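All remarks here apply to the structure that follows.
The values are calculated or read from the model by the stated rules, or taken from the named source; none is laboratory data. Source: prediction; values computed, not measured. Glycine also receives a Cβ, built like all others from the backbone with ideal geometry; neighbour counts cover every protein chain displayed. Each accessible area value is taken on the protein alone, full model and side chains, heavy atoms only, with ligands, DNA and RNA left out. Shrake-Rupley method; radii C 1.70, N 1.55, O 1.52, S 1.80 Å.
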Amino acid sequence: MNCFLEFQNITKTFPGVKALDNVSLGASKGAVHGLVGENGAGKSTLLKILSGAYTPSEGKIVINGETKLFSKTRDAIEAGVAIIYQELNLVPEMTVAENMLLGKWPRRGVFLDRQALRERARVQIRELMEDIDPDTKVKDLPIGQRQMVEIGKALLHDAWIIAFDEPTSSLSRKETEHLFRIIRDLRARGKAILYVSHRMEEIFLLCDAVTVFRDGRKIETFETMEGITDNILIQRMVGREITDMYGYRPREKGAPLFEVNDLQGPGIREKSSLSAARGEIVGFFGLSGSGRTELMKNIFGAIEKRCGEIIVDGKPVAVKNPFSAIDHGLCLCPEDRKYEGIIAVRSLSENINISSRRHFVRLGFFLNKKCEQEGADRFIEKLHIRTPSRDQFIGNLSGGNQQKAILARWLSEKVDVFLLDEPTRGIDVGSKYEIYQIMYGLAEEGKTVIFASSSLPEVMSVADRVVVMCGGTIVGEVDRKDVSEETLLSMALPKG
Amino acid sequence: MNRIVEQQAESAAAAWDLKKLRINRFLQNIWANSGMVVVYVVMFIACSVFVPYFFTLRNMIGLALSITTIGMIACTMMFILASGDLDLSVGSIVAFSGIIAATVINQTGDVYIGALAGVIGGGAVGLLNGTLIAVFNLNPLICTLATMQIVRGGAMIVSDGIAIGITIPEFFALGNESVFGIPNPIWITILIFIVFGILLNSTSYGKNILAIGGNKEASRLAGINVSLMKNTAFTLQGFVCGIAGVILSSRMTSGQPNVGLGLELDVIAACVLGGVSLLGGIATIEGLLAGVLIMGTVQNVLNLLNVETFYQYVVRGAILIIAVLLDQFKQRNQSAVMR
């Protein structure tokens, strides 16, 4: 095998966890190598080792025949490695040019050579077929362009190995297409590319070879994509066969439960109304920026709405802030799990009980630790949360398990209306399936589930009814039986 | 026959391995959860053995007495830091409430009213801090920097810049008399540690404060009344500073406008030594106690060894840096699992 980049028998152990177990893998120049697996399967750890953030417990990295030992990220950068993370590593307050050449700003004497800086950035931007002013601050760019800046930065640092970690999770369709063009271009220029994604269609679109991980072990490397299907990959990833990703369970609709009338507020430009019944799962579909997240936050009182009425169980309720929303039986699982959902430095148990403990504190104040522990253990078992114990920091768990913990937070509360904003974003196939099952279960208990998603197949397969949003307002509704990709997309695309 | 012996030997070895693993994990847990407590225990034993006169009743009481002011305020500062905020005004509040207590006692002739006025005065400043920060969203650093100056100025104005001698001697009992051979301020400090330890570990308030420090937005979306929690923390801090100020004025038999200069830094240093995260979200009461004790013990030992004051500053600073480095080292080991 003459691979440009080789991982040889890499093992990485953390206290109590074997994150990688004897993994060997090779990537060639001028090829895209996909890495797939559930969250916690070891892909990210492998990238962290490549980036120098972690040192392997055993094994080595060989680049171009040379054994490399990265003890810090700088070593990896100097060896020509660049990792494009899901959460980008840019300094928001600095300009595009400054970011792209971070760490190697051109100098004239002791002073920064602004002209050269700008010029080199401009050339690189043009190569990436982008139209960005190098003097714009990064915080003012949309996410897709930020990613291009990150790629430009990699190229300016002479990267030969470029690894993408879930690069499309927050990109629009158009941005994704552009990114793919750029990746193919990089491949043509002979870069060795690693590509991590949960989206199977992307793996098939881009990759020349693919390796499947499970539980820290390499399961199989397919050197060619010929004859490989979704099902084969998913089966290898999960270790069992999933016939239907969504496993929809039909059920009877109950009495009307939840109604929003003429709501208007930040991000919701025109008066929007909707209603949902007990036992119903409603999907919000819309492109990014269509107002899905804002509508949910307005309903939940997380941002202050200007006008509109919320009715639960026939009674109008005043929702001024999240606390009063919870009191009236609403809850929200936010889109951005890391910044709005979990409290990373606290335990799984504390994250689950944060709201519901008010129902069993003694004297309105003192914790009932036994209740909290039992509650946490019950949900860990019921939702199959994979964790060493309830006292584990939630930040140590995988995304899917974090999301289940947030769901457990609300399952342990007394709420009837579940607002779930992108509940499966960045989550592996197995956990997705489990989260759909939880949603069906809630509906079967007579709760109302409203979830937002930017994935068409997901909305179409999980929801009983789809509400389409565009430009900060609700533009229409489609019943499950009438739903098709064309109708949804044509409604969701901005007119004119 | 041979096989049975072998098997027995094997299972004995396995049992021993398991035991070793358990002991190992136990030690790791102690280190991870209360590293500073271990450090202090070692330090205490070493001082007792090597520093003459250290391990005597008299010195122990003196040591405990020297950390009462820092100790009391560190309890509430822990809550402020754990919620992700900062309070620089504590030293000024201590002086301010001492002055108020002295003035009111001299004017009314009533010790209790005076003490109460001092404590309430401190609480009022805390409430002001809390309202400005939690309701009006001022930056805590800037806000308490401002109130620190305003309140110090207030103390100066009321006292005309000089100490106010307290004329009623009954008041001195509070700070200078003992119960069961232990001075009152030490009892009060112990009480405050117990109260705030319970508040941190066993109440929803403590958990809410830690959650807010860990992730403010997530806490708000989980239904926590963030601004009320923060305001409460600052108000409690004000009250405790008030108590500390009144006790200090009793010990000094006067209200002094210059007392507590730089106290805020000592208190924050003690918190950091005790493993309280400046980023918020992490704090333990036993760690805090160890932090306060380390600060006091270092000072005490340097005095016993007759180290000049100027050098003491250097040593204290160096110890703070070492403590923070130790903590970082520990966290790096932990956070390897975090990602």
Report task. Could you pull out the pairs from A:LYS271/B:LYS230; A:LYS338/A:LYS382; A:LYS139/B:LYS216; A:LYS320/B:LYS216; A:LYS404/B:LYS207 whose alpha carbons sit more than 29 Å apart here? Result -> A:LYS271/B:LYS230
Report summary line: From most to least accessible, 1.4 Å probe, no ligand or DNA/RNA atoms counted, A:LEU47, B:LEU127, A:LEU171 line up as B:LEU127, A:LEU171, A:LEU47
Report task. Work out the charge dipole of chain A with +1 on the Cβ of Lys and Arg and -1 on the Cβ of Asp and Glu about the Cα centre, then indicate which of A:GLY430, A:SER44, A:SER288 is farthest towards its positive end. Result -> A:SER44
Requested in this report: State which stretch of chain B is the longest one without any exposed GluC sites (Glu not before Pro), exposure meaning a DSSP loop state and at most 13 other Cβ atoms within 10 Å.
Outcome: B:1-176
Query raised in the report: For the protein assembly as shown, what is the accessible area per residue in Å² when the probe is 1.4 Å?
Result: 45
Report task. Kindly state, to the nearest 0.05, the FRET efficiency for A:GLU78 paired with B:TYR112, given R0 = 60 Å and r defined as their beta-carbon distance. Result -> 0.25
**Report entry** Unit charges on C-beta of K, R, D, E only; dipole of the range B:36-338, Debye
**Finding:** 540
Query - Extension reserve of the A:LEU112-A:SER275 stretch, reckoned as 0.36 nm per residue once the Cα distance is removed - result: 52.8 nm
**Report entry** Interface residues in the range A:342-363 - accessible area drops by 30 Å² or more relative to the isolated chain, probe 1.4 Å
**Finding:** A:ILE343, A:VAL345, A:ARG346, A:GLU350, A:ILE354, A:ARG357
Query raised in the report: Can you pull the mean other chain C-beta count within 10 Å for peptide B:204-211?
Result: 5
Query - Percent accessible area from carbon and sulfur atoms, the protein assembly as shown, protein chains only, probe 1.4 Å - result: 57
**Report entry** Exposure of B:CYS271 as accessible area (Å², to 10), given a probe of 1.4 Å and all protein chains
**Finding:** 0
Query raised in the report: Mind checking how much accessible area B and A bury in total, 1.4 Å probe, in Å² rounded to 100?
Result: 2600
**Report entry** Accessible-area ranking of B:ASP110, A:ASP327, A:ASP428, largest first, probe 1.4 Å
**Finding:** A:ASP327, B:ASP110, A:ASP428
**Report entry** DSSP loop chymotrypsin sites (Phe, Trp or Tyr not before Pro) with at most 13 other Cβ within 10 Å excluded, longest remaining stretch of chain B
**Finding:** B:181-339
Query raised in the report: Ranked by accessible surface with a 1.4 Å probe, highest first, in what order do A:GLU175, A:GLU413 come?
Result: A:GLU175, A:GLU413
Report summary line: Here the relative contact order (percent) of the range A:5-238, from C-alpha pairs under 8 Å and at least 6 apart, is 29
**Report entry** Listed residues A:ILE311, A:GLY301, A:PRO388: farthest to the positive end of the dipole of the range A:256-492 (Cβ charges)
**Finding:** A:PRO388
Query raised in the report: Using a simple charge model, +1 on the beta-carbon of Lys and Arg, -1 on the beta-carbon of Asp and Glu, nothing else, what dipole does the protein assembly as shown show about its Cα centre, in debye to the nearest 20?
Result: 980
**Report entry** Within the range A:256-492, percent of DSSP bridges classed antiparallel, to nearest 5
**Finding:** 55
Report task. Kindly write out, for the range A:31-36 in residue order, the coupling ³J(HN,Hα) from the Karplus curve 6.51 cos²θ - 1.76 cosθ + 1.60 (θ = phi - 60°), rounded to whole Hz, with x marking Gly and Pro. Result -> 8, 9, 10, x, 10, 10
